[in-house]
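*Asks:* Please find one structure pasted underneath; my questions will follow.
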Amino acid sequence: MTKRNYEDEAIKLSKVIDIAIESMRKFPSESWSKETLDHVVNCYKEYKEYAINPEPKFKKIASLKYLIEDVFTRFQEGSGKDVEYFWQELKKQNLDYSRKDKLDKIIKSGKIKSRIEFEYVTDIIVVAEQEGRITKDEAMLLGNMLDNFALKHCK
């Protein structure tokens with residue numbers, strides 16, 4: 001990857017956030033109330049504010065990666081018209097993000113490599129098993145990976 005600069009990446013992320021908000025408003029989840037939609041949209045607006053105007057100590061690409069993770073989680077994991085619209089708009093606007101199956105990548109590697117992956121697996125493991133995206137054996141494997149990571153990195 002080429003050397004990235006915080007301001008350029010933050011501006012790019014703010015465009016992604018605008019698309020995320022547009023997609024959720026245009027195709028709201030049927031399971032969400034108006035209040036839920038408003039709350040999620042407000043969270044995305046906060047993400048944008050954090051990206052564009054971070055505290056000086058957080059004005060780093062490494063910090064921006066956490067926001068990127070927060071912004072993309074719904075669109076990496078979810079499905080529906082809003083998710084499809086989101087990815088189509090990103091492609092149309094030449095924003096160089098791509099949809100990834102991170103869970104499959106972690107399972108194949110056999111190891112949780114970072115705090116971000118640890119938090120991601122923690123958040124998604126039950127839902128992924130319930131939706132049939134992973135088997136019981138894969139859920140057990142991921143549970144063991146969580147335990148191993150926690151033993152080494154969490155105190």
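*Asks:* Using Cα positions and a limit of under 18 Å, work out the aspartates and glutamates in reach of residue 152, with same-chain residues fewer than 8 apart set aside.
*Replies:* 117, 119
*Asks:* Which number do you get for Rg(Cα) / (2.2 N^0.38 Å) in the range 62-104? Please list the in-between numbers first.
*Replies:* Values: Rg = 10.8 Å, N = 43, 2.2 N^0.38 = 9.2 Å.
The value comes to 1.17.
*Asks:* Now, a different point. Reported to two decimal places, what Rg/Rh ratio describes the chain when computed on Cα atoms with Rh from the Kirkwood expression?
*Replies:* Details: Rg = 16.7 Å, Rh = 17.0 Å.
We get a ratio of 0.98 for the chain.
*Asks:* Roll a 1.4 Å probe over the protein chains and send me the accessible area per residue for the range 10-49 in Å².
*Replies:* On a per-residue basis, 58 Å².
*Asks:* A follow-up question, please. I'd like the Karplus ³J(HN,Hα) series for the range 86-95: coefficients 6.51, -1.76, 1.60, θ = phi - 60°, whole numbers in Hz, and an x wherever there's a Gly or Pro.
*Replies:* 3, 5, 5, 5, 4, 5, 4, 8, 6, 8
*Asks:* Checking the cross-link filter: which lysines have an alpha carbon closer than 26 Å to that of residue 92, excluding same-chain neighbours under 8 positions apart?
*Replies:* Correct list for residue 92: 3, 12, 15, 26, 45, 48, 65, 81, 100, 102.
*Asks:* Obtain the nm distance between the two label points defined at residue 25 and residue 58 by a simple spin-label model: each point lies 7 Å from its Cα along the Cα-to-C-beta direction.
*Replies:* Result for the modelled spin labels: 2.3 nm.
*Asks:* Binning at 10 Å from 0, report for the range 1-68 what percent of all alpha-carbon pair distances ends up in each bin.
*Replies:* Per 10 Å bin, starting at zero, the Cα-Cα P(r) for the range 1-68 comes out as 20, 45, 25, 10, 1 percent.
*Asks:* Could I ask something else about it? How much length is gained on full extension from residue 129 to residue 69, taking 0.36 nm per residue of separation minus their Cα-Cα distance?
*Replies:* Values: separation 60, 0.36 × 60 = 21.60 nm, distance 2.10 nm.
Full-extension gain reported as 19.5 nm.
*Asks:* Still on this structure, I have one more. Of all the accessible heavy-atom surface of the chain, with the other protein chains kept in place and a 1.4 Å probe, what percent is carbon and sulfur? Mind dumping the intermediate values first?
*Replies:* Numbers: 5270 of 10160 Å².
Roughly 52 percent, rounded to a whole number.
*Asks:* Run the Debye formula on the Cα coordinates of the range 66-155, all scatterers equal and no solvent, and tell me log10 I(q)/I(0) at q = 0.11, 0.16, 0.18, 0.22 1/Å.
*Replies:* -0.35, -0.70, -0.85, -1.12
*Asks:* What translational diffusion coefficient, in µm²/s and rounded to a whole number, does the Stokes-Einstein relation yield for the range 30-93 at 20 °C and a viscosity of 1.002 mPa s, taking the hydrodynamic radius as the Kirkwood radius over Cα pairs?
*Replies:* Working: Rh = 13.3 Å.
Answer, rounded: 161 µm²/s.
The values are calculated or read from the model by the stated rules, or taken from the named source; none is laboratory data. Everything numeric here is computed off the predicted structure, so don't read it as measured data. Cβ: placed from backbone, ideal geometry, glycine included. Neighbour counts: every protein chain shown. Keep in mind that these areas ignore ligands, DNA and RNA; they rest on the heavy atoms of the full protein, side chains included. Shrake-Rupley method; radii C 1.70, N 1.55, O 1.52, S 1.80 Å.
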